[in-house]
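Structure first, commentary second.
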Amino acid sequence: MTTVVKRGGRRQSFMPSKVTKSIAGALRNAKVAKAKRDKLTKEISKSVVDAMKKKRVVKAVDIRRSVIGRLSRVSKAAVIAWKRSEKKRMNMKKKAVKKRPMKKRGTTKRKTTKKKTARRKTSKKKRTSHKKPRKRRR
């Protein structure tokens with residue numbers, strides 16, 4: 001069984017259906033005719049899946065490279081569409097992370113801790129900036 005290592009280090013089992021769906025979506029967004037799209041999807045996904053199943057551990061970046069390489073031989077527009085959809089997915093993930101609710105805390109605690117850290121930083125700067133190296137006596 002093949003394991004995929006994601007960018008963040010998380011591991012996941014290899015799912016050929018994900019590769020097939022992403023290739024089909026890229027070809028659809030590139031406005032390739034349906035008959036040609038189905039044929040190309042099968043060919044490209046089969047070659048990518050066969051190459052990845054031979055290995056035990058695969059990086060997600062390697063899968064991406066092989067898909068882009070095979071798509072570029074067929075259609076430049078499909079590569080552009082694939083990268084555009086990938087960019088959208090990444091932006092959606094970032095927005096989802098931002099929207100997560102924070103833990104509820106008292107507002108006074110938060111304000112006081114920020115002030116304390118700000119004071120500490122300034123006081124350290126003041127101390128270190130005024131120090132001069134001592135001269136040794138002989």
Fewest first, what order do 63, 44 take by the number of other Cβ atoms within 10 Å? 63, 44
Could you work out how much longer the chain between residue 42 and residue 61 gets when fully extended? Use 0.36 nm per residue separation minus the Cα distance between them, nm to one decimal. 4.7 nm
How far apart, in nm, are two points set 7 Å out from the Cα along the Cα-to-Cβ line at residue 3 and at residue 85? 2.9
Length gained if residue 94 through residue 136 is fully extended, taking 0.36 nm per residue and subtracting the Cα-Cα distance, is 9.4 nm
To check my understanding: the extent here is largest minus smallest coordinate of the Cα atoms along each principal axis. What are those three numbers for segment 3-90, in Å, largest first? 36, 27, 19
Sequence of 40, 27 once ranked by neighbouring C-beta atoms within 10 Å, starting from the fewest: 40, 27
Enumerate by residue number the trypsin sites (Lys or Arg not before Pro) in segment 1-50 meeting two conditions: DSSP loop (anything except H, G, I, E, B), and at most 12 other Cβ atoms within 10 Å of the site's Cβ. 6, 7, 10, 31
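Readers should treat all values here as calculations from the given coordinates under stated rules, not as data from a laboratory. For clarity, every value in this text was computed on a predicted model and none was experimentally measured. Positions of Cβ are generated from backbone atoms using ideal geometry, with glycine treated the same way; all protein chains shown enter the neighbour counts.
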